[in-house]
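Computed from the coordinates by the stated procedures, all read-outs in this text should not be read as laboratory data. These numbers were taken from a predicted model, which means no experiment stands behind them. Cβ atoms come from the backbone with ideal geometry, glycine included; neighbour counts cover every protein chain shown.
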Amino acid sequence: MPTSSQKLAALLRAYRLPPPGLSDDWVRVFHALFDPASVAVNLGGSSHHSGRGSRELYVAWLNALRRSIESADVALQLIRVNSPRTWRTGLAIKSSIEPIATALASTIQYLANPYPTRNGQEATEISLRANIANLLDEFNPIPLLDELIAAVVADCTTQRSVPLTETIKGRTGGSWPRKANGPEKSERGKPKGTPLAEAEILVREWLNKNAKVNPGAVLRDGVAAETGVSRGNVSKSAAWKAFQEKRNAKKKPGVRELRLPESMQAILPAACVRPDEPSELFELIEAQAEDQRRQTRRHKPS
């Protein structure tokens, strides 16, 4: 007999298609905000969730949730100013899923490193798994999805003449394609650059994916070429500044010793002081100083 979560998963199929009349950008916004709810419902419909999940399974679930939340975050950043109704609905969807993600993370951590508890390890594991199962069973995003449909239709109608952006991260983690007629033009006919708010997202995501292996080889111009963000906006972004500070902090200046080649040492004057060869002059000065100290001690009144 299907569970309530399985029935909900079947009902959710009717919400997968975006409402008609949306622009391409708004279709992507709809999918980006719909996906976290869809992922959570599908987890609840899994036959493994009723207290028998392994740590590896919970890791896979948490990763799926986080990927969908990351895509939703990008969409929320881009609609925050001009589309408040959809933005508020997207935040509500995200907030409804956060308890599930938190429960998964806590359970994963405990299963990896069990610590003493009042009820014992076995009872604690059972309790953590049961909490995940309850959260998934009680999760019902249908009212929020109804509001999402109404919100995207209303905001798309209001913003139809203003494209959301040239590029935006979609549900697959890639970039939304640029318009076929080229980049948007300013009033003076020059191509507009990527807005700083969007540049922040693009630079941060690129650095998170590509700068961990060899941070020393990452250059500002390379980041600009890979992300499509102007070099100036890369430099202004908080992500780039934080990356540079972290990279510079790891650099430890060392003492660099340079040794003259034999050909140059051969032509140095014999009296030239060398660090490894104290000169006779230095020895004489030190001897005179010692004699002066002895004379001072001898004539010192007792």
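The number of residues in region 102-130 being over 17 Å from Glu56 (Cα atoms) and not β-branched (Val, Ile, Thr) comes to 9. Filter region 115-132 down to residues that are surrounded by 18 or more Cβ atoms within 10 Å (Cβ to Cβ) and among the hydrophobic types (A, V, I, L, M, F, W, C) and give me whichever is nearest to Leu43 (Cα to Cα). Across region 115-132, the extreme among qualifying residues is Ile132. Within region 219-244, track down each residue that is without any contact (Cβ under 8 Å) to a residue 40 or more places away in the chain and more than 16 Å from the chain's Cα centre (by Cα). Result: Leu219, Arg220, Asp221, Gly222, Ala224, Ala225, Glu226, Val229, Ser230, Arg231, Gly232, Ser235. Taking the criterion of being buried (at least 16 other Cβ atoms within 10 Å of the Cβ) and not in a helix (DSSP H, G or I), the only residue of region 53-75 that qualifies is Gly53.
Of the residues making up region 202-235, those that are over 22 Å from Leu78 (Cα atoms) and not in a loop (DSSP other than H, G, I, E, B) are Asn210, Pro215, Gly216, Ala217, Arg220, Asp221, Gly222.
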